[in-house]
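The values are calculated or read from the model by the stated rules, or taken from the named source; none is laboratory data. Keep in mind it's a predicted model, so treat the numbers as computed, not measured. Virtual Cβ from ideal backbone geometry, glycine too; neighbours counted across all protein chains shown.
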Amino acid sequence: MPRLGWCKPVEVGKTRMDGGLSLDEDTAVPAQGRNALAHTNLEDAFNGYRLFLGRHPANVEEITAATNCTLGEFLGHYLMRGEFLTGVVASLAGMGVLPHIALAPAPDEGLRHWALERLPLSAAARDRLASSRSWRFWLPTILCDEDFRAGLPAAVAEWLAASGLQGRLAALELAPTRRLIGEASHNGAGTVMGWCANASDLSERVVLELHLGDRFIGAVRCERFVPGLAERIGSCGDHGFAFDIPAAHADLVARGTMLRIRDAQSKAPFGADIYLKTNLPAALDDLGRMLDAIKSMKAMLASIERQLPHTLQHISPPLSAYGSLKAQGLLACHRPLDGQAAAAVAGLAVNVILLESALEPASLRRLLASLDGQTQERWTLTVLANAETLGNEVGALIRPLTAAGRAVVAAPAALPRLLATHALVGAAGAHLVVGQAGSLRPDALAAFLAALAPASATPASVAYSDHDTLFGAHNGKPAQLRPILKPDFDPVMLLAYDYAGPMVLVTPEVLLKACVLADGMPPSSLHDLMLRVGDCVPASAIRHIPSVLYSLEQPIDLRSPDGLPRLLVGEAEAVTGWAERRGLAAKVRQTLVVSENEEANQSLVEACDITLRPATHPAVSIIVPTRNSPGLLRNCLDSLLRTRQAYPGPLQILVIDHQNEDPDSVALIAAMQAQRGIDVLPYKGPFNWALKNTLAAEQASGEVLVFLNDDTLAADPGWLGCAVATLGLPEVGVVGARLLYGDGSIQHAGVVTSHEQGAVHEGRGMHADEGGYLGRNLVLRSAAAVTGACLVTRRAVFENVGGFDPAWPVDWNDIVYCLAVRKAGWRVVYDPKVRLYHLESKTRGNLLGQPGYDSYHNNLRRIVAEWGEMLDDPFHNAAFNRMAFPFSRIAP
């Protein structure tokens, strides 16, 4: 089916995106639809995908195609998709699992509010939607509503009529979607308790109405946890309720009356009627039980109070609390510079270089005000812009500094000459290059300079710091302060976006080298500058300051794609220039990565996606150990045979036969060896993952070695070519994959190491397309380690570090190998494009209970003793709690 977008062209940066057909205004706007003439915004687009397709947008094109449309065009954008008819409608009609369930168990309050306010619905449909939290009830209610159908453009209505949608919906009744099960009882002391669930949609939280005789006495939502219920009916067990009969109805209970319970949505009775009459003995019994419970609770609270000081040391707030903690001065990432370090740089001068992107008047005014308040008083200003294009506001801000001899304005192309000859610019000991203006902390310039002080054998020549951004209020949401807590310098992650900027301190020598590097042309942006700097100096000379030294402000306007709350942005042209300087053939494009925090606030990074085209394709050996798992091994090998067809170079598949006794396993390995050219290496002895893989590597023929678990499955046969290309990047010795569970959620997106936890998988449990903090799950970057379930490495690197350490037979052998590779000077890289499914340790199981606890802590003590400082992950900012899920909680 051709794609029909139904929206007007939208400008995104320099790219024009045309959504396709456009309807006439009189046919596109429903007469009775509310807000029909208002064009859709970004929030409409995201909510439309969630409601009608049960997913988030897959890319920026999908987002912009659903923005800046009339309401009729907007609805047609979703309803005229094969995905809607064959996925959502087919699931409704066939009682299949809706894709919405993977996104969220039920519609949230924000989506409910949006649907009721934005969609052209009848009053009856609004009332029905307000009483339900079930996807299976919501969608038919909306699609069958006459006002909703009348609000569709004529072209959309004709398309839907031809598709047979209306007939399928007409045959779909709402009653089967509500099959209530449960029980209710009265405790004799005025409380009605029980549980109720919709067996046709266990994600719904049912609302019940309670009546005494003909008198309505209240409603209750069934959302309490009931122990053991999940084992009985499935779902999560959150279907319980408890309702205290108000004292105002004591007269009815005293005389005796019938309690009737009804479903608030369908008004159907729930359970049998219950006869109620005041029962004083039962009430006294309940009172006695309550007193006993209170005593028990008091003892428990006393115990908690004794443990509280110790417990608080391990409690850390979520990132959403950053703003309030900063206001209270409770963040470790806001520590002021100590006096000794400040005194050491007191006499140095800083020249602040403003790129054209930093000349927005309001932001520039804040920057200049913060410069006036610096403890480092010696600073000058260089504005890289043509004087005639400065504008009146910016000119008025700069002229007083120019008149005082503290500022110079010059064309961007003049920067190399200024660095070499201009007295004002040449007097600076370092240059703070600014790509986006913001407010500097009073000791920021001193802290930047202190980072360049020769505190180690390798002096630094470039320094960057953490910062935060205040996103403006929008759609009734208050302004939110979000921290950008950065890793130590990572030239691989820098290919995705400018995470070091938008303020970077550079020595004059390095800045001049960066200009000369591209035929004397100054950097076009901070991203371009940092990529050039990475070519001029070693990574050890680029210093990360783990402290928030400045703040930015970013307004949000969801009516325009340019108003998206972007945290970080990459420049495709800069990455293309980097690849050309390295002699690499690469295709670079910008992508939009969406992340969502615990409060369902979305943030975006506009990253660069780089596809490398290597000149040669080295010979590869894929090593797969297996034992008595024929089903898993067959799926794995079938996918590897497809990979062998797709990979342009020689590919050996080597199976380690670890004493397979299962007849199916033995037959499968023999057949694959005889018919498909699979090589087999017999191995006998106890389970030692490190030893058997190292032995297999000695027998393998490939220049590149791939260690792969037999419980993996490659959905895309091009994964190996991508991994080998990434392995060809400078200084890369290991490449790891984005591994997914069978349900599509992330199992591995790199490994974070620490003394506190040893090794933890990043991204575990997140949706496959969830970006995570700063979009980390979906961008190419360095990692402290990657899992051996899919580990790609050079043979030369493998042999140089001695392969896997057999002294780690079961756990953490892959982590130890990655630590050894990094210690030897190579990088370990996580590549999200190398994507496989992993059923995780299905072939050997996991220790549980006390044995598992003891094994883990024994390994932790051992790896800390053997590797010490190497476990301090350079890519996991110290502001994050090491005992929490990576990049989720602020260190206490």
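Restricting the search to strands (runs of 3 or more DSSP E) fully inside the range 614-721 and requiring at least 2 residues that are within 27 Å of LYS833 (Cβ to Cβ) gives 620-626, 651-658, 704-708.
Residue count for the range 370-389 under the criterion of being at pLDDT below 90 and either closer than 23 Å to ALA423 by Cα or outside the structural domain of GLN340 (by TED's automatic domain parsing) (or both): the result is 2.
Exactly one residue among ARG55, ARG128 is among the basic types (Lys, Arg), in the same structural domain as TRP159 (by TED's automatic domain parsing) and in a loop (DSSP other than H, G, I, E, B), and that residue is ARG55.
Rundown of residues vs (1) more than 16 Å from the chain's Cα centre (by Cα); (2) within 19 Å of THR712 (Cβ to Cβ); (3) surrounded by fewer than 23 Cβ atoms within 10 Å (Cβ to Cβ), yes/no style:
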| position | (1), (2), (3) |
| --- | --- |
| LEU739 | no, yes, no |
| HIS748 | no, yes, no |
| GLU756 | yes, no, yes |
| HIS767 | no, no, yes |
| TYR773 | no, no, yes |
| SER782 | yes, no, no |
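For the subset of the range 161-220 comprising residues that are among the hydroxyl-bearing types (Ser, Thr, Tyr) and surrounded by 14 or more Cβ atoms within 10 Å (Cβ to Cβ), which member is modelled with the lowest pLDDT? Among them, the one singled out is THR177.
Matching residues to (1) touching a residue at least 12 places away in the same chain (Cβ under 8 Å); (2) more than 26 Å from ALA130 (Cβ to Cβ); (3) touching a Lys or Arg at 6+ places or on another chain (Cβ under 7 Å); (4) not assigned by TED's automatic domain parsing to the domain that holds SER185:
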site: ARG205; (1), (2), (3), (4): yes, no, yes, no
site: HIS211; (1), (2), (3), (4): yes, no, yes, no
site: ARG215; (1), (2), (3), (4): yes, no, no, no
site: ALA219; (1), (2), (3), (4): yes, no, no, no
site: GLU223; (1), (2), (3), (4): yes, no, yes, no
site: GLU231; (1), (2), (3), (4): no, yes, no, no
site: HIS239; (1), (2), (3), (4): yes, no, no, no
site: ARG255; (1), (2), (3), (4): yes, yes, no, no
site: ARG260; (1), (2), (3), (4): yes, no, no, no
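Across the range 747-759, the number of residues qualifying as at pLDDT 95 or above, hydrophobic (A, V, I, L, M, F, W, C) and part of a strand (DSSP E or B) comes to 2. Given the structure, is VAL734 assigned by TED's automatic domain parsing to the domain that holds VAL816, in contact with a helix residue (DSSP H, G or I) (Cβ under 8 Å, 6 or more places away or on another chain), buried (at least 16 other Cβ atoms within 10 Å of the Cβ) and not in a loop (DSSP other than H, G, I, E, B)? When the stated conditions are applied, VAL734 passes them.
Just one of the listed residues (PRO523, PRO546) is in the same structural domain as ALA362 (by TED's automatic domain parsing), buried (at least 22 other Cβ atoms within 10 Å of the Cβ) and either assigned to a loop (DSSP other than H, G, I, E, B) or not hydroxyl-bearing (Ser, Thr, Tyr) (or both), and it is PRO523. Elements of the type strands (runs of 3 or more DSSP E) sitting completely within the range 366-436 and holding at least 1 residues that are surrounded by 21 or more Cβ atoms within 10 Å (Cβ to Cβ) and of a type outside the set (A, V, I, L, M, F, W, C): these cover 379-384, 430-434.
Of a type in the set (Lys, Arg), surrounded by fewer than 22 Cβ atoms within 10 Å (Cβ to Cβ) and under 25 Å from PRO491 (Cβ atoms) - does that describe any residue in the range 606-618? For the range 606-618, residues of a type in the set (Lys, Arg), surrounded by fewer than 22 Cβ atoms within 10 Å (Cβ to Cβ) and under 25 Å from PRO491 (Cβ atoms): present. If you go through the range 338-365 and keep only what is of a type in the set (D, E, K, R) and more than 16 Å from ARG399 (Cα to Cα), you end up with ASP338, GLU356. Can you work out which of the residues in the range 767-826 that are aromatic (Phe, Trp, Tyr) and in contact with a Gly (Cβ under 9 Å, 6 or more places away or on another chain) is nearest to CYS608 (Cα to Cα)? By that ranking, first place goes to TRP826.
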